[in-house]
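A short worksheet on the structure shown next.
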Amino acid sequence: MKLELRKRESISRRAAIVVPLASFGVSLLFGAILLIVSGANPLQTYAAMAGGAFGSVNGLTEVLVKSIPLILTGLGVALAFRMRFWNIGAEGQLTMGAVAAAGVALFWSQGMPAWTILPLSLLAGCIAGAVWAGVPAILKAFLNVDETLTTLMLNYVAVLYSEHLYYVAWRAPNYNSGTERIPEFAWLPRIAGRAHAGIFIGLAIAVLLWAVFRYTRWGFELKIIGANPTAARYLGISIARNIVVTLLVSGAISGLAGAGEVLGLTRRLQQGISVGYGYTAIIIAWMAQLNPLGVVLVAFLMAALAVGGDQIQMRMRLPASVGVVLQGMLLIPMLAGSIFREYSLHVSRARNQESRIENREDTDRQEDDAVDGEAAETGGANGSSRSRGTGGAAGTLRSGGTEGSAGSLRSGGTGGSA
Amino acid sequence: MIDTLALLTSILTITLRAGASLIYGAIGETYTERSGILNLGVEGMMLMGAVTAFATAYYSGSVWLGLLVAMGVGATLAALHAFLTVTMRANQVVSGLSITLFGTGLASFLGERLGPASNNFNLVGMVGPRFSPIEIPGLSEIPVLGAFFKQDLLTYALFLLVPLAWAYLYKTRNGLNLRAVGESPQTADAMGIDVIRTRYRYTIVGGMLVGLGGAHLSLAYAPGWSENITGGRGWIVIALVIFAMWNPARAVLGAVLFGGINAVQFRLQAGGATTIPSAYLNMLPYLVTIAVLIAMTWWEALSHRIGAPAALGTPYTREDK
Amino acid sequence: MTARITQPTVSPPVLQMRSITKRFPGVLANDRVDLDLYAGEVLALLGENGAGKSTLMNILAGLYRPDAGEILIQGRPAEIHAPRDAAAFGIGMVHQNFMLVPTMTVAQNIVLGIADLAFVPDLGAIETRIRELSDRYGLKVDPRAYIWQLGVGEQQRVEILKLIYRGADIVILDEPTAVLTPQEAQDLGRILAVMQAEGKSIVFITHKMAEVIAFSDRVCVLRQGRVVATKRTADTNPRELARLMVGREVLFRLDKRPAQPGDPVLTLEAVHANNDKGLPALRDVSLQARQGEILGIAGVAGNGQQELAEVVTGLRPIKRGKLLINQRDLTHCTSLEAIHAGVSHIPADRVGMGSVGDMPVADNIVMKAYRMPPLARQGVLNRRRILDFARALIDVFQIATPTPQTHVKFLSGGNIQKTILAREIDACTDLLVAVYPSRGLDVGATEAVRRRLLEQRDEGRAVLLVSEDLDELRTVADRIAVLYEGRVMGVVNAEEADVETLGLMMAGASDPVIGDAAADPGTEGGRTQ
């Protein structure tokens, strides 16, 4: 018996849905092993996690609370990833957003009309996040400096800076780690429990981005840049300008997440603002396959995992990091599975069977499909490719076949290096 | 004068000690990237190496067993990365990130789970066996250069490993094959070199060395376990590889630079001789990394030199080229 | 050179391929192919692009695994699973795209991957041996040079040396003359003769009849994955071979009306530009292309053609000199400005540059028109109009795609090229730059491409056609400029150009016999008509 990957004739849409779901299952399975090894009953633990997250109004609103920054940073990361700009600095952008929003809310309230402070603080958060993402963007756009490292290094800088502020520079006199509370007129209103109006901002941005990706020139150009930057350059699309503009927006959205945390949740700059949402955002964006609406869904799920993790720490004395481990585990089966979008897995028993299949022409090519089984969906594509031999024009087209495409890819190799 | 020499010696001593884990990591990552595989999982692998090395040494009493386990763990995570990127052709950036996220989470879970019951299963704050500095009589008394002879065994091992790693890459058949796979996998394949196997092999070897780097942190440099013991060293390793232009010998220079920053920072804070807030001092390594990257990229652009293996980051398949 | 006579039937074949079948998604590349090869013979494997020649030889070289069939070497079944197995059986192949590592030296490349190479190779001894071999076979090359420093012809010599060094007895050459001047091709013939005299068997892949006659003892013709004939070269003629290859009587004739040149569209004045390595790639290039004419650019690959196309389309900065489009100075234009000036570009690299494989055919077709109404207004795309627009062009250009939403990477090479043609020709208003537009396409698709180019010319546009195929240039272009090391060696009228003269110019001889077609190529570019 031998396993073999075969290239599909078109992208499988089903795999795009099945694979994330399967990844979630695999991740839970792996977590179960880990729990058993560390002496806990996985079923009980998972039940406790689910109960903690969804079993009470309080739990649900807490899930909402955590999903706000996750949705926003997830969207920011997805936007940058869309053009294959590896912005892994959402954590720093969020932190700087929180710093700027707190700064404006704390120190501008004297000179300005009270009603302006909330919008100004939110705006300050956006700008700070944008600047924090803009620096790596400019370095990438004009000097081609690797962005994974610069965005990541700036995370450390941002977190150290915010620590300096709430431990030293802005520390409230009778507080160990935190500033004064920000004035009430600068608060984001709460809607349920601790969940605040930031959720509406997140949802609105998600819908907006979805429309941008689908219906605008900008979204179209981002996709081209992400899929083939050389082609983008050739098509007259300015990559440098798009990198800068896109990253300013991406950073602003993550900055908004930080502003929301300060203005809606903690109401002061304090420890616990930078708790890794910006990293979870990477998992969210990729799990959602960079689809903004998918981001909302996955962010909610990740928030539930985090809340559930907190709950089992209290109830079962297990480390809360179980939730983090499960989150971290999610991407791995997801990555392993993404190949099935373009390839299908075939199981064949012996070599002579292969040659048998082969003599029967194309008609039952799908027969030995194991994973595939989606004849209905790919049927259209296969149908027309099967009929290739018949038409007059199609005859010539077919003979343009593989050797032709191999040849042109080859020339791709030489042409690209020239 | 004597004081200045003593100060220099002590700074260099700390520099080397702080740089050792970076050198292990950088050699490992250099080998991985030379095969065409970009592994951004270094930070997670280092953390996992550190926690497992310490836990193993703590319970077994053997630092050597700790090293072995850390190498095994590094190799396992690297093998996972190789599986995802080579066999399943997943995006290398995202796969590396996921290894880092997963490794970070699992390391912190293990740190809260592997400790003794008396400490609520927490490893933080436990004291275990370690590699202590060994002063070589005579040599260690030389001013300044004596710093090279007041190191722990793992750092001494580098005196051997660095030249070997360099010679292997540039002077041997295997090194030739490895470089060919990273530069032009099509060519390597047509010349009878197994691209898939080579990529697996050196990704795993790289993971072992990165795991060792992590073990050096928890067994020698800062013995014990704390949640964020690497402090981004895994990422600095990746920057070092770029700085060294994928040459294991040149990575030493970079590691000394970053170790030196650590040492200076350490001296300034310990001496209390500065009014600069510690947060700003702590930012230094990260800001210097960015500065170094900018300088290197600029220099490459000006000199039309590209240090990176040409096929870095691209999967290879034979039939549907 | 005439065909050499051997007695192939006396000794058993050194190599037999039996009923080889290889399938790629959607295409049967080899269909029960049988092939014999005898010691000391040159076998030409003839077929048009896409006939399955390279696939068959890649199977022999261990790069592809056949779906069915068997290979016998010296009469015994041989399992070739990987290139290393092929090497062990003494099979070596010079691929069309050279298999060399640019950052390594000639010597390192030659010994790369040899199974019993010493752990620490003695490069001094290796270099000495390479020098010996290169003297013996007349393959001049410096073993210490880096590959990136070598020209294409030298790289090919390294490839051949590599096979000799490894002691290959069965040597496969995939379209070896494509990168050579006609004179260099004759040198190659001499090298083959030396190898043949030593008893090596050679398979020579080509689609050019003249080479079959000049170089081979026997010829095997492939068509659509099947062997249609195997003949002794002495017993056949070009006309019969052409018929076998294409499957019908070929009268390759385009309806080419005389050109009606108008005002100059493209003017280059003493242009200098660098390549990616920062070295001079274009030196003092002056050319002019006018409305209603096709200016062909000939030259061996790597002599500045690529850079010329990039300069004209705004993709490469000009160091010195001037670029005018319709008399407007666009010397320092961006690619977007060039597009707005009416310049279209069919790039050499269809997959890497010309198309986006991970996006639908429809999107690829509108990648230039999407900026303008009616497809977009105020930055918002009209998806329905885009689809209609794409459907119409898919129809006109006969792009075979299951749906407009199919991702381009699932199309065949010919259809990818048609997708690019559709987009570029639709967007073209003044100048069409076509780089190797028919490379790797079969006869049908090639004809379609050439017809489109002539159509553009007849509609009054200027066409800059870069090609390495002299026959193509002579049939399609009106004037031909020859580039050598980034310089224009001369411009000749296509009707008066003969292969010999062009070949000499491609090798660096400036204006050998006739050079008066464009006495002063810079300013008086097209006075000849």
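The values are calculated or read from the model by the stated rules, or taken from the named source; none is laboratory data. Small disclaimer: the values here were computed from a predicted structure and weren't measured. Glycine also receives a Cβ, built like all others from the backbone with ideal geometry; neighbour counts cover every protein chain displayed.
So the values come out like this:
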read-out	value
Within segment B:77-95, tally of residues that are within 9 Å of chain A (Cβ to nearest Cβ) and part of a helix (DSSP H, G or I)	8
Where residue C:402 falls short, out of the listed (1) assigned to a loop (DSSP other than H, G, I, E, B); (2) more than 7 Å from every other protein chain (Cβ to nearest Cβ); (3) out of contact with any strand residue (DSSP E or B) (no Cβ under 7 Å at 6 or more places or on another chain)	(2)
Helices (runs of 4 or more DSSP H) wholly inside segment C:1-113 containing at least 1 residues that are surrounded by fewer than 18 Cβ atoms within 10 Å (Cβ to Cβ)	C:83-88
From the options C:330, C:287, C:279, residue that is touching a strand residue (DSSP E or B) at 6+ places or on another chain (Cβ under 8 Å), more than 10 Å from chain A (Cβ to nearest Cβ) and within 25 Å of residue C:510 (Cβ to Cβ)	C:287
So residue B:40, is it within 11 Å of chain A (Cβ to nearest Cβ), touching a residue at least 60 places away in the same chain (Cβ under 8 Å), among the hydrophobic types (A, V, I, L, M, F, W, C) and closer than 24 Å to residue B:185 by Cα	yes
Residue in segment C:55-65 that is more than 7 Å from every other protein chain (Cβ to nearest Cβ) and in contact with a Ser or Thr (Cβ under 6 Å, 6 or more places away or on another chain) present	no
Residue ID - farthest from residue C:233 (Cα to Cα), chosen from residues in segment C:187-216 that are within 21 Å of the chain's Cα centre (by Cα) and free of Cβ contacts under 8 Å to residues at least 60 places away in the same chain	C:187
Considering residues of segment B:274-305 that are at the interface with another protein chain (Cβ under 9 Å from one of its Cβ atoms) and assigned to a loop (DSSP other than H, G, I, E, B) only, the residue farthest from residue A:164 (Cα to Cα)	B:304
Candidate set: segment A:97-126, residues that are among the β-branched types (Val, Ile, Thr) and over 21 Å from residue A:158 (Cβ atoms); chosen: the one surrounded by the most Cβ atoms within 10 Å (Cβ to Cβ)	A:117
Filter result (within 14 Å of another protein chain (Cβ to nearest Cβ) and in a loop (DSSP other than H, G, I, E, B)) within segment C:114-148	C:114, C:115, C:116, C:117, C:118, C:119, C:120, C:121, C:122
Candidates B:118, B:132, filtered to the one that is within 20 Å of residue B:227 (Cα to Cα) and either surrounded by 24 or more Cβ atoms within 10 Å (Cβ to Cβ) or not aliphatic (A, V, I, L, M) (or both)	B:118
Qualifying positions in segment B:277-307 - of a type in the set (Gly, Ala, Ser), modelled with pLDDT under 90 and in contact with a helix residue (DSSP H, G or I) (Cβ under 9 Å, 6 or more places away or on another chain)	B:278, B:279, B:301, B:307
Failed condition for residue C:256, given (1) among the basic types (Lys, Arg); (2) buried (at least 22 other Cβ atoms within 10 Å of the Cβ); (3) closer than 30 Å to residue C:325 by Cβ	(2)
Matching entry among C:503, C:525, C:490 (being modelled with pLDDT under 85 and not assigned by TED's automatic domain parsing to the domain that holds residue C:396)	C:525
Residue match in segment C:322-329 (condition: of a type in the set (Val, Ile, Thr) and either assigned by TED's automatic domain parsing to the domain that holds residue C:179 or in contact with a helix residue (DSSP H, G or I) (Cβ under 7 Å, 6 or more places away or on another chain) (or both))	no
Residue A:172 in a helix (DSSP H, G or I) and either of a type in the set (Gly, Ala, Ser) or within 14 Å of chain B (Cβ to nearest Cβ) (or both)	no
Matching residues, segment C:387-409, being at pLDDT 95 or above and within 23 Å of residue C:335 (Cβ to Cβ)	C:389, C:390, C:393
Tally, over segment C:370-399, of residues that are at the interface with chain A (Cβ under 9 Å from one of its Cβ atoms), under 27 Å from residue C:26 (Cβ atoms) and buried (at least 19 other Cβ atoms within 10 Å of the Cβ)	1
Of the criteria (1) under 18 Å from residue C:212 (Cα atoms); (2) at pLDDT 95 or above, which one residue C:5 fails	(2)
Hits in segment B:226-251 (condition: in a helix (DSSP H, G or I), away from chain A (no Cβ under 14 Å) and over 11 Å from the mean Cα position of the chain (by Cα))	B:248, B:249, B:250
Conditions (1) at pLDDT 90 or above; (2) within 14 Å of another protein chain (Cβ to nearest Cβ); (3) in a loop (DSSP other than H, G, I, E, B): number failed by residue C:429	(2)
Out of C:353, C:367, C:359, sole residue that is in contact with a Pro (Cβ under 9 Å, 6 or more places away or on another chain) and surrounded by 21 or more Cβ atoms within 10 Å (Cβ to Cβ)	C:353
Any chance residue B:23 is assigned to a helix (DSSP H, G or I) and within 23 Å of residue B:252 (Cα to Cα)	yes
Yes/no for residue C:106 being more than 9 Å from chain B (Cβ to nearest Cβ), in contact with a helix residue (DSSP H, G or I) (Cβ under 9 Å, 6 or more places away or on another chain) and not basic (Lys, Arg)	yes
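Here's the yes/no breakdown for (1) at pLDDT 95 or above; (2) over 30 Å from residue B:108 (Cα atoms); (3) assigned to a loop (DSSP other than H, G, I, E, B):
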site	(1), (2), (3)
A:231	yes, yes, no
A:237	yes, yes, yes
A:254	yes, no, no
A:278	yes, no, no
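Residue by residue, here is whether (1) buried (at least 23 other Cβ atoms within 10 Å of the Cβ); (2) in a helix (DSSP H, G or I); (3) at pLDDT below 95 holds:
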{"site": "A:24", "(1), (2), (3)": "no, yes, yes"}
{"site": "A:39", "(1), (2), (3)": "no, no, yes"}
{"site": "A:46", "(1), (2), (3)": "no, yes, yes"}
{"site": "A:49", "(1), (2), (3)": "yes, yes, yes"}
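A quick yes/no check of all residues on (1) modelled with pLDDT of 95 or more; (2) touching a Phe, Trp or Tyr at 6+ places or on another chain (Cβ under 9 Å); (3) of a type in the set (A, V, I, L, M, F, W, C):
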| site | (1), (2), (3) |
| --- | --- |
| C:114 | no, yes, yes |
| C:127 | yes, no, no |
| C:134 | no, no, no |
| C:140 | no, no, no |
| C:151 | no, no, no |
| C:155 | no, yes, no |
